[in-house]
Amino acid sequence: MKILLDAMGGDNAPDAAIKGAIRAAKEIEADIVLIGNEEIINNKIKEFYGSELTNKITIKHTTEEIVMEDIPTVAIKHKKDSSMVVGFRMLKEGEGDVFVSAGNSGALLTGATLLVGRIKGIDRPAIAPMLPAYKKSFMLMDAGANTNCKPLNLIQFAQMSTIYLKNTFGIESPKIGLLNIGTEETKGNDLVKETYNLLKENAEQYGVNFVGNVEGRDCFSGEIDAVITDGFTGNVFLKTTEGLGKLVKRNLTESLKRNFWTTLGAIPCLPAIKRFSKTMDYKEYGGALFLGVKKPVVKAHGSSDEYLFYFTLKQAENFVKSGAVDKMKEEFEKR
């Protein structure tokens, strides 16, 4: 297996990508290809480690990079030797099994759709991160790829979530909820109400275990396996969740360090505090899968550090091993 990593994408590139790749290479089975300017990458490796790469990591030289300010469609069409476009081209041509990038989200979505291609039968691919819940995690679908959706899109998001969770996590019948402002079927805007009715009446036909509307506060109950929404709402939900997690961790840390007695009293609780902190850290959950395209693509967080790249690369390997993309193609192309 070969993981293609955009070494030039993200706020902390290429440093974080390189460090994360070298850390992950010690634990995963897959080989890693760092895609980017070879001279810059080699100089960074010598600066950090004083040596050359391991035999599990190679470099694919490129001369351009797509930055956050670039217009997605223009960048994909004109920066043909950028680390992102080259990565997609290698993925499409079978020179790698999965592509990972923390770069420009719009360009990543555009490139995945135009250069790799949608799975036949899927109208719009979507971003699907895993988020923490009580004693488990849940999938959010869509987290920003499609700001304006039709009921068909949300239904397909539910179908893709079901196929992925079943094949990757072994959940025989994933519970799928529709994000709404209330659990009643009369609540919500036209998009949500129409989608609710279609899922309720045709759940078996769609192959979805639809459990109804779910409010934002109940997404973390551990009772739901995937929460379905449009990309605008999903992205707001995702960023709010990340911000709340940071707030809880920060307030907890400051409370424990308030004075000598609070610090002393916290010592016996440190193992529990560390476990709690870990569950609240989005870095533990890796990147967001881009479901609906013909090959595995993973969107790493734009501010990914070494630790998050490390987790995302491990996640990417599992994504390929699950065979979820092939199963998705099989399921949708026969409809």
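The values are calculated or read from the model by the stated rules, or taken from the named source; none is laboratory data. Owing to the predicted nature of the structure, the values given are computational and were not obtained by experimental measurement. For neighbour counting, all protein chains shown are included, and Cβ atoms are generated from backbone atoms with ideal geometry for every residue, glycine included.
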(request) Using the structure shown, decide if residue 147 is closer than 24 Å to residue 195 by Cβ, in the same structural domain as residue 15 (by TED's automatic domain parsing) and in contact (Cβ under 8 Å) with a residue 24 or more places away in the chain. (result) no
(message) Being of a type in the set (A, V, I, L, M, F, W, C) and under 19 Å from residue 15 (Cβ atoms) narrows it down to one residue among 67, 98; which is it?
(response) 67
(request) Kindly check whether there is at least one residue in the range 36-57 that is closer than 22 Å to residue 107 by Cα, of a type in the set (A, V, I, L, M, F, W, C) and surrounded by 13 or more Cβ atoms within 10 Å (Cβ to Cβ). (result) no
(message) Can you tell me how many residues within the range 223-277 are within 23 Å of the chain's Cα centre (by Cα) and of a type in the set (D, E, K, R)?
(response) 8
(message) If residue 112 satisfies all but one of (1) over 15 Å from residue 234 (Cα atoms); (2) at pLDDT 95 or above; (3) buried (at least 24 other Cβ atoms within 10 Å of the Cβ); (4) among the hydrophobic types (A, V, I, L, M, F, W, C), what's the number of the condition it fails?
(response) (2)
